[in-house]
Amino acid sequence: MKKRLSTTYEGNTYDILLNISGWSGKSSIDINQETYENVQKLPSTFGCNIYPIRLGETDAQLVMRNGKLSVAVDGVSIDSGQEVDTGVKPPWWIYIFLALCGILIFTGGGIGAAAGAGFGMYSYLFACKKDKSTTSKFFVALGSTLAAWILWFSIAALILG
């Protein structure tokens with residue numbers, strides 16, 4: 001996958017190409033025709049990849065969120081001047097709910113897998129939202145996990161009679 005971005009910072013124009021190998025997942029970044037191989041992602045959340053880069057003498061971050069590239073310096077986009085949304089690290093307990101949904105993925109057959117994956121992913125994505133309270137994140141995760149199991153048991157009861 002290749003993504004391009006042209007941006008200006010402190011009077012200099014930077015043409016940036018992010019290349020991520022579909023086979024190995026290794027990343028390379030070209031900045032004004034200079035290639036940096038095997039660039040390691042910084043820790044980030046689901047759906048957001050952050051790569052360290054240098055613009056002249058300044059440390060910056062190349063941020064890819066939902067397939068769109070932007071460049072940030074100290075967490076602020078150099079194009080829009082707004083804070084770059086890198087998502088929120090989900091609370092630790094979301095992984096318990098994901099594990100409960102994961103049980104359905106691996107033991108529940110096709111219907112269980114669809115229910116576990118769908119409700120589990122919804123819980124995780126909801127838990128990564130900045131504007132939601134911890135309480136609402138917890139109850140959405142709890143409700144989604146219960147819904148996945150209830151759906152699976154209901155369909156199993158219908159099939160098995």
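The values are calculated or read from the model by the stated rules, or taken from the named source; none is laboratory data. None of the values given here were measured: they were computed from a predicted structure. Heads up, the Cβs are rebuilt from the backbone with ideal geometry, glycines too, and the neighbour counts pull from every protein chain shown.
Considering each of Leu62, Leu100, Leu151 in turn, give the residue that is among the aliphatic types (A, V, I, L, M) and either in contact with a strand residue (DSSP E or B) (Cβ under 7 Å, 6 or more places away or on another chain) or surrounded by fewer than 18 Cβ atoms within 10 Å (Cβ to Cβ) (or both).
Answer to the check: Leu62.
Any chance the range 133-147 includes a residue that's in contact with a helix residue (DSSP H, G or I) (Cβ under 6 Å, 6 or more places away or on another chain), modelled with pLDDT under 90 and surrounded by 15 or more Cβ atoms within 10 Å (Cβ to Cβ)?
Residues of the range 133-147 in contact with a helix residue (DSSP H, G or I) (Cβ under 6 Å, 6 or more places away or on another chain): 137, 140-141, 144-145, 147.
Going one step further and asking which of them are modelled with pLDDT under 90, we end up with none.
No, because not a single residue in the range 133-147 is in contact with a helix residue (DSSP H, G or I) (Cβ under 6 Å, 6 or more places away or on another chain), modelled with pLDDT under 90 and surrounded by 15 or more Cβ atoms within 10 Å (Cβ to Cβ).
Please tell me if Phe126 is within 22 Å of Asn66 (Cβ to Cβ) and crowded, with 16+ Cβ neighbours inside 10 Å.
yes
Only one of Gly87, Gly112, Gly108, Gly67 is farther than 17 Å from Val140 by Cβ, out of contact with any helix residue (DSSP H, G or I) (no Cβ under 6 Å at 6 or more places or on another chain) and at pLDDT below 90. Can you tell me which?
When all the criteria are applied, what remains is Gly67.
Test Ser77 against the stated conditions and say whether it is crowded, with 18+ Cβ neighbours inside 10 Å and of a type in the set (Gly, Ala, Ser). Outline the logic, then answer.
Numbers: crowded, with 18+ Cβ neighbours inside 10 Å: no; of a type in the set (Gly, Ala, Ser): yes.
No; evaluated as a whole, the condition is false for this residue.
Taking only the range 7-29 into account, find how many residues are over 23 Å from the mean Cα position of the chain (by Cα) and part of a strand (DSSP E or B).
From the range 7-29, those over 23 Å from the mean Cα position of the chain (by Cα) are 7-15; that's our starting set.
Filter once more, so that each one left must be part of a strand (DSSP E or B): 7-9, 12-15.
So the answer is 7.
Over 21 Å from the mean Cα position of the chain (by Cα), not assigned by TED's automatic domain parsing to the domain that holds Ala60 and not small (Gly, Ala, Ser): does that describe Thr134?
Taking the combined requirement at face value, the residue does not satisfy it.
Quick check on the range 10-56: of everything there that is among the hydroxyl-bearing types (Ser, Thr, Tyr) and touching an Asp or Glu at 6+ places or on another chain (Cβ under 9 Å), which residue is surrounded by the most Cβ atoms within 10 Å (Cβ to Cβ)? Before the answer, list the steps.
First pass over the range 10-56, keeping only residues among the hydroxyl-bearing types (Ser, Thr, Tyr): 13-14, 21, 24, 27-28, 35-36, 44-45, 51.
Next, only the ones that are touching an Asp or Glu at 6+ places or on another chain (Cβ under 9 Å) stay: 27-28, 36.
Values: Ser27: 20, Ser28: 16, Tyr36: 14.
Of everything passing the filter in the range 10-56, Ser27 is surrounded by the most Cβ atoms within 10 Å (Cβ to Cβ).
Being of a type in the set (Gly, Ala, Ser) and assigned by TED's automatic domain parsing to the domain that holds Trp152, is that true of even one residue in the range 47-57?
No: zero hits.
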